[in-house]
Each structure stands twice: as structure tokens, then as C-alpha cells.
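Working notes, beginning with the structure itself.
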């Protein structure tokens, strides 16, 4: 899905411009956001905008400012400067807390380590939070049932939290933030510590939430997950978003080569020797039974390479061009920092 990047136009406007008709499609607007911890700059002039149903993946090394950004948007941390507008409400710290109350009713925040009360039943835990959200008591059974269904843990309603797996506890934390039906979900490392099956199940839940109209910001170091369900990607370093694009655009702008995978039926070692000295082939490796490499030329030049291989009696069983993965993009773009 292609997007026109609103930042390129929006960032030229002054910070004090109101949330007006021109920005009516935006559900989150962040411009010039800054946060210090003592003398350390944690969030540095950070800016982005999101539209309804965007799923925005925020990636970067530890200490880049991902969690701090989410906590500011969730109104848990106080920003030092900059503009934040959430669903039409500016983030302001007025004495009556009117702005904060409006924003909190719009947002569901799931921290990386959700606080749990192990001696409660799942239904008791959700009942407690339904009261905390000031949900009409008559609606408690309905909203709890719906949240459990969305999170896929209906059968756990009468189980003690203490006996649940990490994956089930994560789902319960997700059910908690869905109780008041927020428009925006902020998920901080929701897949951390999950086994592969639980991660796949969480992916499907997040995709389902987007279909229900939710806008989601998700911080994660698991790039495979981010690539699967996010339509927009932001790379953050030193508290600042250094790249913000949809995945396809990000790959095209960042990766200037073609990733190729070739299956050789006969003369495999000859094929490897030939490719290893071919001028436009780089990073040649065995990938199980396939030869994988980066080709630095055009499609026409790649076709010529395959023609030469056939002429050399190298039997090519299959040939595939692969889209760069988000990990490829991240490592190429940041160069110096592995994802952590």
C-alpha cells in the first residue's frame, strides 16, 4: 500500500499551527518532540504523522528513544518541548488535566513489562481495570467478554494469572488495553519472550485489530514481525526518526541492488567459482542448497549473467529475485548499529 509522506509538507509549518482542516486525516501528529533525562537527550526533535488504521513500526537500537516516545504519547512521561496532537486533542499539561483525560480515553498502552496481579483470576483482573477506566458497570460483562475474544483467551477467564504462560499473559495485557475500545494502541515490545507459535498468533491479532479500525504504534526488535504487519516503518536513532516510509519505498530507496537466489542442478561448485569472481556479484553465500548473492547491476545485466551460466553448462533449476527484508534495509541504512 503506497502512502504520500505527510512529513515532507507538514514539517515546514510552524509548531504553533493549530490542528485544522488540512490535517483532519491525521490521528497522530508529532512535531519537534524533545525529552531530556537530566542532561541526557532521550528524544531529539522527533517528528511524524499517522493516519487512521496505520500500523507504524518503530525500530532502532536499545536506547534510541522508542519506549520514551511511546510513554510520552501515553501521557506517562512529560514532554519537554514540541507538539503532540492525538485525535484532535493537543497534549497539554493543564491543571484540570482535561487534555490528558481526553487522550487517555483514546489510547491503550501496553508496556514491555505489564504489571500483573498473580493471585487474581483473569476475569477479576479485567474487572478491576474496567472500573479503573470508568466503564459503566452494566457494560463490564460485555466489554470483558469482547476483549477476551479479540485476544483469543476466552477460555482463560477463570484461570489464575500466576499459572499462565508468558504468551497468555501478553494476550491478557492486550485484552486489558482493549476494554475501553481505544482508537489508538501503543505496544512496546509485545512479542518479547514469546515462542514462535505465540508470535505468529500475536501477528494475526494485530492484523485483526487494524481491520477493526485501530491505529497502532509498535516498538519491536523482531524485524520479521514488524515487516509482516506494519504498513509504515520508522527507523529511530539517538532519539530522532532518521527514516520514515512505507516498506516498499524504504526498500527501493535504501537497497540499490537485487537479492538473488539460484538453485543449481549440476556443476554447483563450478557455479560458485564463476559467480565468486563475477564483477557485479557480491556477498555470495550458500543458503541451504541455494546460492544467494547481491547483484549490483540492472535487470538486463542480470539476464546476461544467467545466459552466460547456461552457456557454461551450469544447469539452473530455479532463479528468484527477492525483496530486501526489513533486516537488510535496517542494516544497510544504519550501517554501524545492529538491531538490539
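Throughout, read-outs are computed from the coordinates displayed, never taken from laboratory work. This structure is a prediction, so every number in the text was calculated from the model and none was measured. FYI the Cβ positions are ideal-geometry reconstructions off the backbone, even for glycines, and counts take in every protein chain you see.
For this structure, a couple of remarks:
- The range 34-100: C-alpha gyration tensor shape, a/c 1.5 cut-off, then a/b vs b/c: oblate
- Approximate spin-label separation residue 266-residue 157, in nm, with each point projected 7 Å along Cα-to-Cβ: 6.6 nm
- Shape call, the range 166-300: gyration tensor on alpha carbons, a/c limit 1.5: prolate
- Mean separation of Cα contacts under 8 Å (6+ apart) over length of the range 20-92, as relative contact order %: 39 percent
- The mean sequence distance of close C-alpha pairs (under 8 Å, at least 6 residues apart), as a share of the length of the range 57-113, puts its relative contact order at 25 percent.
- Put a dot 7 Å past the Cα of residue 78, heading toward its Cβ, do the same for residue 93, and the two dots end up 0.3 nm apart.
- Between the Cα long axis of helix 299-311 and the first principal axis of the chain there is an angle of about 40°, rounded to the nearest 10.
- Of all beta bridges that DSSP places with both ends in the chain, some 70 percent have antiparallel geometry.
- Helix 166-178 vs. the chain, principal-axis angle (Cα, 0 to 90°, nearest 10): 50 degrees
- Identified option (computed mean projected area of the Cα convex hull in nm²; candidates (1) 18.7; (2) 21.5; (3) 17.3): (2)
- Translational D in µm²/s for the range 256-323 (Stokes-Einstein at 10 °C, 1.306 mPa s, Kirkwood Rh from C-alpha pairs): 135 µm²/s
- Anisotropy class of the range 118-191 from Cα gyration tensor, a/c 1.5 cut: oblate
- Over the chain, relative contact order from alpha-carbon pairs under 8 Å, at least 6 apart, %: 20 percent
- Structure-based [θ]222 nm, the chain - -39500 (n - 2.57) summed over DSSP H runs of at least 4, per residue, nearest 500: -10000 deg cm²/dmol
- From the C-alpha gyration tensor of the range 77-142, square roots of 5λ in Å: 28, 16, 10
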